[in-house]
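No lab work stands behind these numbers, since they all come straight from the coordinates. Just so it is clear, the structure is predicted and the values come from calculations on it, not from any experiment. Cβ placement follows ideal geometry from the backbone for every residue including glycine, while neighbour counts extend to all protein chains displayed.
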Amino acid sequence: MKLTLRLFPTAAFWLLALALTSPVFAQAKTDRTFATPAPLVKEIQLFIKLLEEVHYNRDAVKPKDYAELLPNYMTELDGQRLFFLNTDKEGFLAANKPESLYWNISSLGRIDYAYDIFKTYEQRTSARIAWIFEELKKPIDLATMETYEFDRTEAAWPATEAEADDLWRRRLKFEIISEVLSKKKLEPEAALEEARTVVRKRYERMQKNIGEIEPIELAEMFLGTLARMYDPHSTYFSADTYEDFNIQMRLQLVGIGAMLSLEEDQCVVKEIVPGGPADISKLVSPNDKIISVAQVGGEPVEVIGMKLRKIVDMIRGAKGTPVRLMIQPASATDSSVRKEITLIRDVVKLDSARAFGAIFDVPDANGATAPIGVITLPTFYGPDSSSDPTAERTSATGDVAKLIEKMTADGIKGLVLDLRRNGGGLLSEAIDLTGLFIKKGPVVQVRSYHGEVKVDEDEDTAIAYNGPLAVLVSRFSASASEIVAGALQNYGRGVIIGDSSTHGKGTVQTVVEMRSLFGGGMMPQGPLLASATKMGAAKFTVQKFYLPSGSSTQLKGVIPDITLPSVDDYLKVGENSLPHALVWDEINSSFFNGKPLDNRILSPLREKSLARQNGLEEFTYLRKNIDFFKARQEQKSLSLNLDERRRQRESDEAFRKSMLSERDQLAKNDFKFREFLLAPPPPPRIKATPNPEDAAELDPTELSTDEENQHYGKLDIHLRESLRVLSDALELAQKRELWASDHAPLTAQVDKKG
């Protein structure tokens, strides 16, 4: 069995979260009834037992902690705190004491609370939507000097109906203005009427979707909320979701190659599958929002408020057919920004996701150039046991070794291993790949709840590359990537460069089907389970991993030796931004022949890098982008005055245009390079539908994007600086008095025979 370490999405990634969230008051009657099927009652009891007896963090949740379960579940339904009232929360808590909640769920498998809270939510949304429809008929004043707090994820629910009405009055203006600003080609009155129509359809669709929610979806959401009290990566899969989960492990590679989630009412791109159409096109980024989907010859269908499964069905299609998506870029500081793109559906080929590389000609202080290799690894992949036995058996380690051999033969003087977008993969590959750069020794330690520690080692004494090495990381480098970067840092084998830290996921999850545990000791099978009734599954954390030094990567991640300014540091993408994340800790160091780089080496490298960060134009450009993004991130509310919003949009567009122009100018100084691929080149990138209005809305923080069909785009500032750092290291290697051991800096220590 292969153990996979990956930056897993939260439970909301797999479950169907509900639509947009907002407050409402008139009680709209519904005639639906909800009940927990008898087999699910048994599953619930077993699910709690698993969390309490097998989960790594089993001691963290006590009966008294169930006080947060119902408010957390309310938040799953109403993430923007718009529909419920604070009195709803108080009423639910007063009627359900934590200890009673715990007893009823764990001992009786009773989750009526999930249905009762949803019924209130359904009533409030129904009444609120009726209120919205009436408000949309009235004149809307877009000239007032009001503001709207657009991110209410940490706000309180409205205290009174009057407070909620006022909140929703401003919310509607916010939505109307966003739609008006996106319709540049229409006259003002026509744009306003079109905006009313779009918003009305949005809430009509939302009401329809809420009416289609099934009891099992609510049970799944409720149990997932409960599991995340233990840690952010644990959840519950219903029987259907578990079946989809297994199928999608194969089918998710057919379509556009993007993993989607539903957050409040919007479809969000959570992960780009390496080698898929979305990845190859470079037109889609994580956290982009999909606003509408259109087929060939068809009209765009807005997907805001639509069920995730319906959205996925619309995006999927026959191989080779185009699909048009209207995107709201994640980096957009104005919610009205839109970008239409066209992607060609395809099967994601492993070849496209394989490691690739290039040799860059890097100038030194004397004007000479040194060839330095770069190997980019999208994921830690390995041979698929179900694949054609006659096909080539590819693996991350094997592919990187091949690239190293090719580049070494071509005379590289140093090597950068780029793990910036690598969210993890196979643990075995992380261990073997680390072994390409060290003689042998511990790579990772894995600790169970009971304290048993297993040390996984590289036992192959062969070294594929023993020259100067840098590892480039970001906040998106997670799990297996952190093991590799941290181990190489422990051994002093390379200099780690990048964002202020990596992601910080130092835990291991497993997925267990409930049926496999019945009749095996945890719970007797009983007559209810004698049939072929499908059952769900639990995903929960079972271990933590540690570096050879004994330090955990949990929460803190791997701290680079040289930190570069980055927009990523202002995004909520790290493990430390997730509620109930496991704590950082340490265990005893393993016995390994290595130590971190000496300050005699790191200090001059840091000083030279810092001098460039303070002096080069490209870093001035980067900081301007970061400052712009940071300022917009800190902006918690937006004006509800249309003219003021239009002026801000125009100002933002002017800034973007200037940044694009500056980027193109700076990119003229990019280092020359030649690529090394292990598979045929990917097809030409599919570009967005030409639209002059979109030119100013391109994201200047996507510094690696280029229009050409190449893996390495223009003005990749972090990569350029990593190459310069290695050039500095080559110079230091000539000064033997700075060596901290009997071998040159950033190189592997080998026997004299080697």
Query - the chain - charge dipole about Cα centre, Lys and Arg +1 at Cβ, Asp and Glu -1, debye rounded to 20 - result: 500 debye
Query raised in the report: How would you rank LYS319, LYS89, going from fewest to most other Cβ atoms within 10 Å of each one's own Cβ?
Result: LYS319, LYS89
Query - Ellipticity estimate at 222 nm from DSSP helix runs (n ≥ 4, -39,500 (n - 2.57)) divided over the chain, nearest 500 - result: -11500 deg cm²/dmol
Query - the stretch 19-212, relative contact order in percent, only Cα pairs under 8 angstrom and at least six apart counted - result: 33 percent
Report summary line: Fewest-first ordering of PHE628, PHE47, PHE380 by Cβ atoms within 10 Å yields PHE628, PHE47, PHE380
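Please list the three semi-axes, largest first and in whole Å, of the ellipsoid equivalent to the stretch 19-212, using sqrt of 5 times the eigenvalues of its alpha carbon gyration tensor.
Calculated on Cα positions only, the semi-axes equal 39, 17, 16 Å.
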Report summary line: With T = 4 °C, eta = 1.567 mPa s and Kirkwood Rh from C-alpha pairs, the Stokes-Einstein D of the stretch 252-347 in µm²/s is about 99 µm²/s
Query raised in the report: What full-extension length gain, to one decimal in nm, is calculated for SER516 and VAL583 as 0.36 nm per residue of separation minus the Cα-Cα distance?
Result: 21.1 nm
Report task. Lys and Arg at +1, Asp and Glu at -1: add these up for the other residues within a Cβ distance under 10 Å of ASP460 and post the number. Result -> -2
Query raised in the report: Relative contact order of the chain: what whole-number percent is it, with Cα pairs under 8 angstrom and at least 6 residues apart?
Result: 15 percent
**Report entry** Selection from LEU82, ALA94, ILE372 lying farthest towards where the dipole of the chain points positive, charges on Cβ
**Finding:** ILE372
Report summary line: Treating only Lys and Arg (+1) and Asp and Glu (-1) as charged, each at its beta carbon, one finds that the stretch 252-347 has a dipole about its Cα centre, in Debye to the nearest 20, of 280 debye
Report summary line: Mean Cβ-within-10 Å packing, highest first, puts peptides 135-148, 397-410, 115-128 in the order 115-128, 397-410, 135-148
Report task. Report the local net charge at GLY451: Lys and Arg +1, Asp and Glu -1, summed over other residues whose C-beta lies under 15 Å from its C-beta. Result -> 0
Report task. Write down the percent of antiparallel bridges among all DSSP beta bridges whose residues are both part of the chain, to the nearest 5. Result -> 80 percent
Query raised in the report: How many nm separate the modelled label positions at LYS119 and ASP627, each set 7 Å beyond the Cα in the direction of the Cβ?
Result: 5.8 nm
Query raised in the report: Does a label point 7 Å from the Cα of GLU53, set along Cα-to-beta-carbon, have any residues of the stretch 59-103 with amide nitrogen under 20 Å, and which are they?
Result: 59-63, 102-103
Query raised in the report: If you bin the C-alpha pair distances of the chain every 10 Å from 0, what whole percents do you get?
Result: 2, 13, 22, 25, 20, 12, 5, 1, 0
Query - Cβ-based exposure ranking for LEU597, LEU640, in which fewest neighbours within 10 Å come first - result: LEU597, LEU640
Report task. Take the cross-link list LYS307/LYS572; LYS89/LYS572; LYS413/LYS624; LYS270/LYS624; LYS339/LYS556 and give me the ones stretching past 29 Å between alpha-carbons. Result -> LYS413/LYS624; LYS339/LYS556
